[in-house]
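The structure appears right after this line, and notes come after that.
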Amino acid sequence: MMDEPAKRISKKALKVWRISGMIGSAFIWLLLVAAAILILIKQWPLWILFVLGAAGVLEVLAVVVILPTMRWKRWKYEVREQEIELQRGVFIVRRTLIPMIRVQHVDTEQGPLLRKYGLGAIKVSTAATVHDIPAVEIEEAEEMRKVISALARVAEEDV
């Protein structure tokens, strides 16, 4: 079996994913508050309110605390001369090898959260799909974009 990829995404990804999780949780909590108001107005049993509250707290714990850490620990990548290897997943770990000969183009992307923390996402496009490396220091992301692009051109010339 091949060794795992050597490089990790930036530790700052944890902050970005946690903030993202909090934003998503805020919408769920708005729905929970609306449900609570409905429960009180309709005079339904209060245990429903407690169950919904507990579910909301568990959801916040999962998406803000637990999942970002597990996701960061699993996310690894490596760019080699002939291929790019990605490893990701929380419960199911997925490893992907992208042959350089299949790479059509490479992009870097920055949303507002990534920009705030000096991170960028790398998008590697093949004919079939787009593969993401989610949170790399922006300077490294730009350098990787150039390296992958150059290696993909060399791989095409070898054909």
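The values are calculated or read from the model by the stated rules, or taken from the named source; none is laboratory data. Just so we're clear, the structure is a prediction, and the values are computed from it rather than from any experiment. All Cβ positions, even for glycine, are placed from backbone atoms using ideal geometry, and neighbour counts span all protein chains on display. All accessible areas refer to the heavy atoms of the entire protein, side chains included, with ligands and DNA or RNA removed. Shrake-Rupley method; radii C 1.70, N 1.55, O 1.52, S 1.80 Å.
With the contact rule set at Cα under 8 Å and sequence spacing of 6 or more, what percent relative contact order holds for the chain? Working shown, then result.
Values: 215 pairs, mean separation 34.5, N = 159.
Relative CO of the chain lands at 22 percent.
Calculated from DSSP H runs of 4 or more alone, at -39500 (n - 2.57) each and per residue, what is the 222 nm mean residue ellipticity of the chain, nearest 500? List each step's numbers first, then the result.
Values: 5 runs with 78 residues, N = 159.
Calculated mean residue ellipticity at 222 nm is -16000 deg cm²/dmol.
Hand me the trypsin sites (Lys or Arg not before Pro) from the stretch 68-122 located in a DSSP loop with no more than 14 other Cβ atoms within 10 Å, in residue order please.
For trypsin sites (Lys or Arg not before Pro) across the stretch 68-122 that sit outside H, G, I, E and B with at most 14 neighbouring Cβ atoms in 10 Å, the list reads ARG80.
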Exercise. Under a point-charge model restricted to the Cβ atoms of Lys and Arg (+1) and Asp and Glu (-1), what is the dipole moment magnitude of the chain relative to its Cα centre, in debye to the nearest 20?
Worked result: 780
Exercise. Considering only VAL154, LEU32, ALA127, whose Cα is most displaced toward the positive end of the charge dipole of the chain, charges sitting on Cβ of Lys, Arg (+1) and Asp, Glu (-1)?
Worked result: LEU32
Exercise. If you plug each phi of the stretch 64-75 into the Karplus form 6.51 cos²θ - 1.76 cosθ + 1.60 with θ = phi - 60°, what whole-Hz ³J(HN,Hα) values come out, in order, with x for Gly and Pro?
Worked result: 9, 10, 7, 4, x, 5, 4, 4, 5, 4, 8, 6
Exercise. Mind listing the Cα extents of the stretch 1-120 along all three principal axes, in Å, largest one first?
Worked result: 66, 34, 25
For this session: Give me the distance between the Cα centres of the stretch 119-159 and the stretch 47-102, rounded to whole Å.
Result: 21
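Would you mind getting the accessible area per residue of the stretch 44-91, heavy atoms of the protein chains only, 1.4 Å probe, in Å²? Intermediate results must be reported in sequence, preceding the final value.
Working: 2840 Å² over 48 residues.
Counting only protein heavy atoms, the per-residue value for the stretch 44-91 is 59 Å².
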Problem set entry | Pairs of lysine residues in the stretch 1-133 - Cα separation under 28 Å, sequence separation of 8 or more or cross-chain | 21
